[in-house]
Structures are given as C-alpha cells and as structure tokens.
Amino acid sequence: MRDTRESRLLLVLLVAIAFALITVDIRGGEGSPVDGARQAAATAFGPVENGLAGAVDPVGNAISAVRDSGHRHDRISELERQNAALKAKLGSDDRTRSQLHQFDKMLKTAGTGRYSIKGAQVIAIGAAQGFSWTVTIDAGASDGIRRDMTVLNGDGLVGRVTTVGPDSATVLLANDPDFSVGTRMEKTDELGFASGSGDRPMRVQLLNGKARVKKGDRMVTFGSEADKPFVPGVPVGTVSRVEASGGGLTRTVYVQPFVSFTKLDIVGVVVQPPRTDPRDAVLPPAAKPTPAPTVTVTVTPGAPQNQGQGDQNPGGGDQQGGAQQPQDGGGQPQDNAQQQQGNAQQPQGDDDPQPEQ
C-alpha cells in the first residue's frame with residue numbers, strides 16, 4: 001500500500017473509530033453494545049487462536065527451557081556443593097568427637113598420675129625419619145618440648161621424644177626395636193627391661209629368674225634418673241606369654257602394650273614429672289574374672305525316687321544272695337546240710353543198737 005494522503009486519512013479514521021468503540025464499551029459495562037460483536041469475534045477467531053497457540057507453545061517452551069537451563073544447572077551445582085559441605089561437616093563432627101574423647105581420656109590419665117603434660121597431635125609417621133617406628137607431633141621447642149621427655153596418651157606409654165624442632169618433634173614409639181624402658185610389675189614389684197618388637201608383643205627381661213608371673217599380670221614404667229627419659233607409673237602393658245625359667249638368672253615374658261601404635265592421634269608430652277611415684281595408681285581397675293557356672297541337681301520325692309530305691313533293693317538282694325551263696329557253698333545248701341546230719345546220725349544208731357525186750 002502506497003503512502004498517500006488518502007491512506008493516512010484512512011488510518012486516522014480507523015484509530016478514531018477504535019477509540020470511540022473502546023470508550024462506548026467501557027461506559028456500557030455489562031450492557032455494552034459491542035458485547036455481541038466481541039462474542040461473535042471470539043466464536044469465529046477462538047479456534048484459530050487455539051490452533052496457533054498449540055503450534056507455537058512447544059517452540060516457546062523449548063526456548064524457555066534453553067533460557068532457564070543455565071539457572072537450573074547453577075542450582076544443581078549449588079545443591080551438590082551444599083551436600084558435600086554437609087557430609088564434610090558430619091565427618092568432621094565425628095572426628096572432633098573422637099579427638100575430644102581421646103583428649104578427655106588422656107587428661108584423666110595425666111591427672112591420676114599427676115603428670116603435667118603438653119597436648120599434641122600426630123601429623124606424620126616414620127617415612128620422614130626413616131623406616132623406624134616414629135611419629136611427628138605438632139609441638140616443639142616453642143611449646144616447651146625437650147629431648148628425652150615421656151610421651152603418653154589415655155591408654156599408656158607411647159614413647160619418648162628423640163629430636164625437637166621449633167614447632168614439631170619426633171617421637172620414638174615404644175614398639176620400636178631400639179626402644180628400651182625399665183618396668184615394674186604390678187603388686188609384686190618385680191623389675192625388668194622392656195624392648196620393642198614392632199607389631200609383636202614387647203619382650204621383657206625380668207631381673208629375677210624365679211619371679212612368679214602369670215598371664216594377665218600388668219606392668220608400669222619404673223622411671224629414670226631425674227625422670228628422663230621416663231617418668232614412673234605410666235602403664236606399659238599386660239603379660240601375654242611367659243617363658244619357662246630354665247634356671248637362668250633372668251626370666252623372659254612377653255607383654256601386649258596398652259597403646260595401639262597404628263591408631264595414634266592425640267598424645268601428651270610430660271613436661272613436668274610427678275612429685276611422688278604414682279606406682280600402680282594410673283592402671284585401670286583390673287577386670288574381675290567371670291565365675292564358672294555351677295550345676296545343682298535337686299532330687300524331689302516321688303515316683304523317680306521310689307524307682308531308684310527299687311533298683312537298689314534288687315541290687316541289695318543280689319548282694320545279699322551273693323554274700324550267702326559263698327557261705328552255702330562253703331558247706332552246702334540247707335537241705336543238703338540236714339540230709340548230711342541225718343546220715344551222720346544213722347551210723348551212730350548202727351554202732352550202738354538198742355537191746356530187744
């Protein structure tokens with residue numbers, strides 16, 4: 001359509017008519033004169049609009065999905081990050097509870113023995129120091145740690161400090177073959193020297209070759225001069241095997257350590273020894289042996305008892321008959337005895353006949 005003066009006038013006229021119809025429709029309300037025309041138009045063009053909408057909606061939905069996919073991907077990623085954070089928090093909570101339990105147990109041990117300790121955490125194992133049984137802790141000279149200090153945890157003796165750095169230290173574990181510590185048996189006070197054997201029980205040489213020791217006996221550290229490298233009274237382990245004495249000057253026993261050297265986490269370095277020897281006070285209470293079950297048989301009066309008595313009477317009769325049988329056999333049966341008595345009287349009558357009268 002060419003842009004002419006007539007077309008412009010027609011466009012203005014149509015716009016004016018549209019405004020007029022809109023005004024009349026608004027003022028008419030429900031009784032609008034154009035309501036019939038609107039319904040007729042809706043009836044005529046409604047199916048066409050629905051068809052066009054059905055054809056266009058999938059395309060529009062696809063475009064919306066493509067437009068919103070980035071937002072949904074970001075939301076999924078955010079949820080995954082939150083899930084991972086929650087899992088990490090739960091794991092850290094379990095670890096925190098475990099460390100708190102270890103720390104609390106260690107404080108009780110130190111309190112019983114009256115050891116002043118510096119808490120530390122194991123941060124490395126022996127690879128940095130060679131192939132020996134050693135660990136590295138996160139406490140050093142700046143924390144008051146010195147060489148030849150006793151290291152323990154809530155279970156007992158862990159080892160001794162061998163090298164010290166500004167913020168870390170190396171601990172030689174009690175199961176290392178180069179480790180040696182003086183020991184004292186619980187109750188009997190028998191002295192000895194324990195040495196590490198790796199993942200096997202510690203080997204202890206008791207100074208008394210005739211020492212009375214059995215499986216299950218426990219021992220603690222004897223202590224060193226000036227309390228270095230070992231303070232007294234720290235639990236060492238429980239006797240698991242005793243070798244025969246063989247008449248030697250010493251006696252060998254094998255001790256299972258209280259400490260699990262493959263599960264070390266929280267430890268304590270004894271920075272000040274106790275004023276007095278705690279002796280056996282740090283040992284946990286000994287487990288009470290479980291009593292062996294006993295079986296009690298109760299006999300009640302009744303038929304079973306009478307039956308038992310009946311069984312005994314035949315036995316008694318057999319015994320009585322057995323006792324009489326040899327007696328009768330020693331002579332003869334009673335009838336035979338009477339017959340022999342009659343036979344014995346018969347010759348007496350023959351020898352002394354009565355005179356006839």
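The values are calculated or read from the model by the stated rules, or taken from the named source; none is laboratory data. The shown structure was predicted, so the numbers you read here are calculated from the model rather than taken from an experiment. Neighbour counts are summed over all protein chains in view; Cβ atoms, including those assigned to glycine, are modelled from backbone coordinates with ideal geometry. Side chains included, ligands, DNA and RNA excluded: accessible areas come from the protein's heavy atoms. Shrake-Rupley method; radii C 1.70, N 1.55, O 1.52, S 1.80 Å.
The table below lists the values:
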item: Count - residues of the stretch 109-164 that are of a type in the set (Asp, Glu) and closer than 21 Å to residue 202 by Cβ; result: 2
item: Options 267, 231, 239; residue that is among the hydrophobic types (A, V, I, L, M, F, W, C), open to solvent by less than 40 Å² (accessible area, probe 1.4 Å), modelled with pLDDT of 95 or more and over 28 Å from residue 140 (Cα atoms); result: 239
item: Pick from the stretch 202-228, criterion touching a residue at least 60 places away in the same chain (Cβ under 8 Å) and part of a strand (DSSP E or B), ranking: most open to solvent (accessible area, probe 1.4 Å); result: 218
item: Residue, nearest to the chain's Cα centre (by Cα), within the stretch 197-213, restricted to residues that are of a type in the set (Lys, Arg) and more than 13 Å from residue 245 (Cβ to Cβ); result: 200
item: Strands (runs of 3 or more DSSP E) enclosed by the stretch 119-170 - at least 1 residues per element that are closer than 21 Å to residue 227 by Cα, in contact (Cβ under 8 Å) with a residue 12 or more places away in the chain and over 31 Å from the mean Cα position of the chain (by Cα); result: 157-164
item: Of all residues in the stretch 242-254 being among the polar types (S, T, N, Q) and more than 35 Å from the chain's Cα centre (by Cα), the one that is surrounded by the most Cβ atoms within 10 Å (Cβ to Cβ); result: 245
item: Qualifying residue in the stretch 103-115 (condition: modelled with pLDDT under 95, open to solvent by 70 Å² or more (accessible area, probe 1.4 Å) and more than 23 Å from residue 283 (Cβ to Cβ)); result: no
